[in-house]
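Engineer: Before we start, here is the structure in question, set down as C-alpha cells.
The values are calculated or read from the model by the stated rules, or taken from the named source; none is laboratory data. The shown structure was predicted, so the numbers you read here are calculated from the model rather than taken from an experiment. Glycine gets a Cβ as well: all are built from the backbone with ideal geometry, and neighbour counts include every protein chain shown.
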Amino acid sequence: CPVHPSKCASTKWLKMSATCCGSNSWSLFPSISERAPAYQRFHTLAQDIPPGLTLPYKYKVLAEMFRSMDTIVGMLFNRSETVTFAKVKQGVQDLMHRQFEERNVGQIKAVYPTSYKFRQEKNIPTFSSFLKKSSYQLTVEPVLGEDGRPHLSASRLLERRRVFSRNLVNTVKQHHKTFMASLSPPMVIPDDKLTRWHPRFNVDEVPDIIPAELPQPPQVDKLTTAQEVLTKARSMMTPKMEKALANLALRTAETSPGKHEDPKATPTANTSSALKGVSQALLERIRAKEAQKLQALMTRNPQQEERLVMISRLPEMARLLRNVFVAEKKQALTMEVACTRMLDSYRTTMTSGEMEKHLHLFSELLPDWVIIHPIRKDTYIKLDKSMDLNVLMERLTRMIKEEEKL
C-alpha cells in the first residue's frame, strides 16, 4: 500500500462497515464537491447538549427565521397594521443579519401550514419609491382561530414556536425512518420510543425543506412565445423580421417535446474483497446483532443512559476502591473519606456527590463486596478485601452487557 498502514487499516474497516450495514446507506451522502461547509455538516457533533433528537443546522436556522418572523408579524398585527412581506423581510434581516426571501417563507408554510394566511393584495400604502400603490403585494396574517380581533401574545408566540420545532423533528424522523429501512437488516422503531438518531444517520445532511407554493399576483396577458408575438404584432413587423420569428417558433416547437429525463442512477452493491470467504449466515448474524444493539441505543431513556455510563466506570473504580482500603488498613471508612480518596485517584474530574452515587451503586450491584452502614449522622462503607478482584471484574462485565441490552 503506498500510504501509511494505519490509513489502509481505517479504509479497510470503513469498507467492512459499509458492507455489513448495506450498500444503500452510502447513497444518502452527497459527493465531496456538493457538501456544505464543515461547520454545517458536523453541527450536531459540536453541541454541548446530551445526544438526542437534535436538528440539522439548516433546520435550526429555519426555526430561528420562524421565531423572528413571528415576532415581527405579531408586533405589526397587534398594531392593526397590514403585514406585508416587504416589512417582514426587512425586520427579519435586521434581527438575524441573514438573507430572508420568499423561499424561506415557503419553507415555513411547508413545515407549519396553519401558521399564516397569505394573500396578494394591492392598494396598500408602500411608503417606498420602488413599489407603486397599485401593484400587488404579498400579505401575511397569523392564524389564531378566535372570534373578534385576537391578540398575538407572548404565550401564543411560545406555543407556535413549540409547534414549529415539533414539526421539524417529525420531518427529520421521516428521513430517519427512510434511512433505517435502507439498512441491512432493516430496522423499525416507533416514533414515540425514539430518543436519539442512528449513529450512522448524518443529521446535518438531510434534504432541505421543499418550499410550499405562495399566492402569486394575478397573471396579465404576456407574450411568452415567438408564436404569440408573431400573432400579436404581425401587422407591425417587416417581412424579414416576420420570417425570423417564424423560424424561431418552428425550432422551439421541435425541441420542446424532445426533452428527456436524466436516467436515475442505480446504486450498485459492490462486495468488499475484505469479506471474501466469510459465510453469509455469519454476516447476517453480525448484522442482526448490531441492529439489535443500535435499536436498544436509540430507544434508551436518559435515566438508563446515565445508569449505563455509571456502571461502565465501575470496573476501574473497583480497583481504586480496593487500593484505598488496602492503603488505609481499615475495615470501614466514612463515606466522606472514601469519596475524597477516590476523587484524588480517579482520572476524570467528578463531584463528591457523583462519586457517592457510584459507591452506592457498588453496594447495589455487589452487596457481598461493598456494604454501606448509616450510623447516626455519618455513613460508613465497608469492603470485603478477601474477595478475588478478577471475579468481581467478570461480574461487572456481565452486568454491563446485560444493561446494554435493555
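Engineer: Consider residue 290 carefully, then state whether it is modelled with pLDDT of 50 or more, within 30 Å of the chain's Cα centre (by Cα) and not assigned by TED's automatic domain parsing to the domain that holds residue 400.
Structural biologist: It is true that residue 290 is modelled with pLDDT of 50 or more, within 30 Å of the chain's Cα centre (by Cα) and not assigned by TED's automatic domain parsing to the domain that holds residue 400.
Engineer: Restricted to the stretch 103-124, and to residues that are more than 24 Å from the chain's Cα centre (by Cα) and not aliphatic (A, V, I, L, M), which residue is modelled with the lowest pLDDT?
Structural biologist: The residue in question is 123.
Engineer: For residue 343, indicate whether it is under 30 Å from residue 296 (Cβ atoms), over 36 Å from the mean Cα position of the chain (by Cα) and at pLDDT 90 or above.
Structural biologist: Considered against the rule, which asks whether it is under 30 Å from residue 296 (Cβ atoms), over 36 Å from the mean Cα position of the chain (by Cα) and at pLDDT 90 or above, residue 343 comes out as no.
Engineer: Sticking with this one: Can you tell me which residues in the stretch 321-331 are among the aliphatic types (A, V, I, L, M) and surrounded by fewer than 16 Cβ atoms within 10 Å (Cβ to Cβ)?
Structural biologist: 326, 327 - these are the residues of the stretch 321-331 that are among the aliphatic types (A, V, I, L, M) and surrounded by fewer than 16 Cβ atoms within 10 Å (Cβ to Cβ).
Engineer: Name the pairs whose Cβ atoms lie under 9 Å apart, with the first residue in the stretch 130-143 and assigned by TED's automatic domain parsing to the domain that holds residue 75 and closer than 13 Å to residue 86 by Cα, the second modelled with pLDDT under 65 and among the aliphatic types (A, V, I, L, M), and 6 or more positions between them or separate chains?
Structural biologist: 137/131
Engineer: While we're on this one: Is there any pair linking a residue in the stretch 112-124 that is closer than 16 Å to residue 216 by Cβ to one that is among the aromatic types (Phe, Trp, Tyr) and at pLDDT 90 or above, with Cβ under 9 Å and at least six apart or on different chains, and which?
Structural biologist: Once the first residue is closer than 16 Å to residue 216 by Cβ and sits in the stretch 112-124, its partners that are among the aromatic types (Phe, Trp, Tyr) and at pLDDT 90 or above give 118/85.
Engineer: Then there's this: Out of the stretch 173-190, which residues are assigned to a helix (DSSP H, G or I) and not aromatic (Phe, Trp, Tyr)?
Structural biologist: Correct list: 173, 174, 175, 176, 177, 178, 180, 181.
Engineer: Go through 85, 127 for me and flag whichever is within 19 Å of residue 62 (Cβ to Cβ) and modelled with pLDDT under 95.
Structural biologist: Checking each option against the conditions leaves just 85.
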